[in-house]
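Shown next, in structure tokens, is the structure this report addresses.
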Amino acid sequence: MTAPILPRSLARSIATASRQFPVLMLTGPRQVGKTTLLKSLCEAESGPTARRYVTLDNPMMLGLAREEPALFLQRFPPPVLIDEIQYAPGLLPLIKEAVDAGGGKGQYWLTGSQPFHLMQNVGESLAGRVAVMHLQGLSLGESLGHGAMLRPFLPDSPPGTVVSPPAAPLNWVFERIWRGSFPALYVGEAPDRDLFYASYLQTYLQRDVRDLAQVGDLMAFTRFLRSAAARTAQLLNIADMARDVGVAPNTAKHWLSILQASGLVWLLEPYHTNLSKRLVKAPKLYFLDTGLAAYLTEWSSPATLEAGAMSGAIFETWVVGELLKSWWHNGKQAPFYYYRDKDQKEIDVLIVRDGRVYPVEIKKTAQPGRDAVRHFSVLENLGLATGAGAVICLSAERLPISAQVEAIPAWQVSAWG
């Protein structure tokens, strides 16, 4: 029996982009559902124009694509979905020639698991012809079946369809955090969580890491991966990470780029303004799947994770991931920054939209007070136009904290529609 496919928010944007561009590129980490999403959209097409599917994970197909790329494209004419395009970058110039000659929209759908590595070739070959979209694991709303209704989060957006408060919010949220966001853990007969992540890590090390760079010491790289997971939601300090792992800073910097290229980590850049020279300029590091981060840092259960030293940081990481997905899975760039100055005044996330700055604080508490938003006033002191603010927390419902700031339950961030 086939497991049900959870609706993904990005499906709407894919349909729109396919009507505007001849090529669509969907990137993201392994096993987040890129192929499943696009194949489900292919199956919705019918008749003589139905889209073909071919994967370069197939050794015979990969050999043909690499050795005879022109013949490959003749064998699989558009409309076509080509999976794992990063294995045969030589196809891209020929796809450019084909779309320039054909002129149709939505001719080629491509997927790739190594975004940064792949995008250099895509940018050079398909500039102006390709819509690039990014898929991560399931947002909370998608995992609950609300994927077709989600929209980008802003603090002042009116709530639509939202998740009802769970009976035990803290336990419920940390069970989700500990499990992570990979679709395989939510559909059908979900595999053993630890076994899934052990297999995922092995596949990642043996395939993506070796493809992206020649890492001679996989054990040292694994220690670096664990170090990154342990530092989620902290300021990036490459020198400290290199020292802990026992490698040179340049090596650590290169390995961090591999984690970024694989879609496992994301750097939140500081908000820069010429009005103040006292701002901290280092980015913050976020591990994008909290389940994998919890596995790497060896928390054996949701309860031990919630009670442990990483509790606040991993809750913040999960919320930032939900915020990102609410934008990325609607086909939009996430205009996110953070604020921190040398007086230790900090705001977790700034969303910059239409010339306004929307401050967001993230607190693992059910009753945030005015103290949680005491640093929001620095934005006005810098002369910035500010919008509504939010404290994303574990409160049971939306409640006002001040005239401009609301407490918003964490499980409602990606469940608005």
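What to note about this one:
- Some residue of the range 368-377 being surrounded by 15 or more Cβ atoms within 10 Å (Cβ to Cβ), within 26 Å of Leu285 (Cβ to Cβ) and either within 25 Å of the chain's Cα centre (by Cα) or free of Cβ contacts under 8 Å to residues at least 12 places away in the same chain (or both): no
- Members of the range 212-233 found to be under 30 Å from Tyr338 (Cα atoms), part of a loop (DSSP other than H, G, I, E, B) and aliphatic (A, V, I, L, M), listed by number: Ala233
- Those helices (runs of 4 or more DSSP H) of the range 120-211 in which at least 1 residues are within 30 Å of Arg223 (Cβ to Cβ) and at pLDDT 80 or above, considering only elements entirely within it, cover 169-179, 193-203.
Residues are listed down the side, and each one gets a yes or a no for (1) at pLDDT 90 or above; (2) assigned to a helix (DSSP H, G or I); (3) of a type in the set (Val, Ile, Thr); (4) exposed (fewer than 13 other Cβ atoms within 10 Å of the Cβ):
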site: Ile14; (1), (2), (3), (4): yes, yes, yes, no
site: Phe21; (1), (2), (3), (4): yes, no, no, no
site: Leu24; (1), (2), (3), (4): yes, no, no, no
site: Thr35; (1), (2), (3), (4): yes, yes, yes, no
site: Glu43; (1), (2), (3), (4): no, yes, no, yes
site: Gly63; (1), (2), (3), (4): yes, yes, no, no
site: Ala70; (1), (2), (3), (4): yes, yes, no, yes
site: Ile82; (1), (2), (3), (4): yes, no, yes, no
site: Leu94; (1), (2), (3), (4): yes, yes, no, no
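- Meets criteria (more than 28 Å from Ser9 (Cα to Cα) and touching a Phe, Trp or Tyr at 6+ places or on another chain (Cβ under 8 Å)) for Lys345: yes
- Hits in the range 234-249 (condition: in a helix (DSSP H, G or I) and not acidic (Asp, Glu)): Ile238, Ala239, Met241, Ala242, Arg243, Val245, Pro249
- Sole residue being surrounded by fewer than 22 Cβ atoms within 10 Å (Cβ to Cβ), touching a Pro at 6+ places or on another chain (Cβ under 9 Å) and under 12 Å from Gln136 (Cβ atoms), chosen from Ala282, Ala334: Ala334
- Residues in the range 304-327 that are charged (D, E, K, R), touching a helix residue (DSSP H, G or I) at 6+ places or on another chain (Cβ under 9 Å) and within 16 Å of Ala294 (Cα to Cα): Glu306 only.
- Considering Ile408, Ile351, Ile401, Ile347, the condition of being touching a residue at least 12 places away in the same chain (Cβ under 8 Å), touching a Pro at 6+ places or on another chain (Cβ under 8 Å) and farther than 25 Å from Tyr286 by Cα is satisfied by Ile401 alone.
Conditions tested, residue by residue: (1) closer than 28 Å to His134 by Cβ; (2) part of a helix (DSSP H, G or I).
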position: Thr251; (1), (2): yes, yes
position: Gly263; (1), (2): yes, no
position: Leu267; (1), (2): yes, no
position: His272; (1), (2): yes, no
position: Ala282; (1), (2): yes, no
position: Ala294; (1), (2): yes, yes
position: Ser300; (1), (2): no, no
position: Leu305; (1), (2): yes, yes
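- Against the criterion of being surrounded by fewer than 18 Cβ atoms within 10 Å (Cβ to Cβ) and touching a Phe, Trp or Tyr at 6+ places or on another chain (Cβ under 8 Å), Ala403 does not qualify.
- From Ala390, Ala313, Ala396, residue being touching a Pro at 6+ places or on another chain (Cβ under 6 Å), in contact (Cβ under 8 Å) with a residue 12 or more places away in the chain and not in a loop (DSSP other than H, G, I, E, B): Ala390
- Output for the range 321-362, where each listed residue is assigned to a loop (DSSP other than H, G, I, E, B) and within 19 Å of Leu150 (Cβ to Cβ): His329, Asn330, Gly331, Lys332, Gln333, Ala334, Pro335
- Taking every residue in the range 245-270 that is free of Cβ contacts under 8 Å to residues at least 40 places away in the same chain and pairing it with any residue that is part of a loop (DSSP other than H, G, I, E, B), at least 6 positions away or on another chain, the pairs with Cβ-Cβ distances below 9 Å are Val247/Asp217; Leu256/Leu236; Val265/Thr232; Val265/Leu288; Leu267/Leu236; Leu267/Pro283.
- Pairs, first more than 24 Å from Phe376 (Cβ to Cβ) in the range 325-344, second part of a strand (DSSP E or B), C-beta under 6 Å, six or more apart: Trp328/His134; Gly331/Met133
The values are calculated or read from the model by the stated rules, or taken from the named source; none is laboratory data. Because the structure is predicted, anything quoted here is derived from the model rather than measured. Cβ coordinates were reconstructed from backbone atoms using ideal geometry, including for glycine residues, and neighbour counts include every protein chain displayed.
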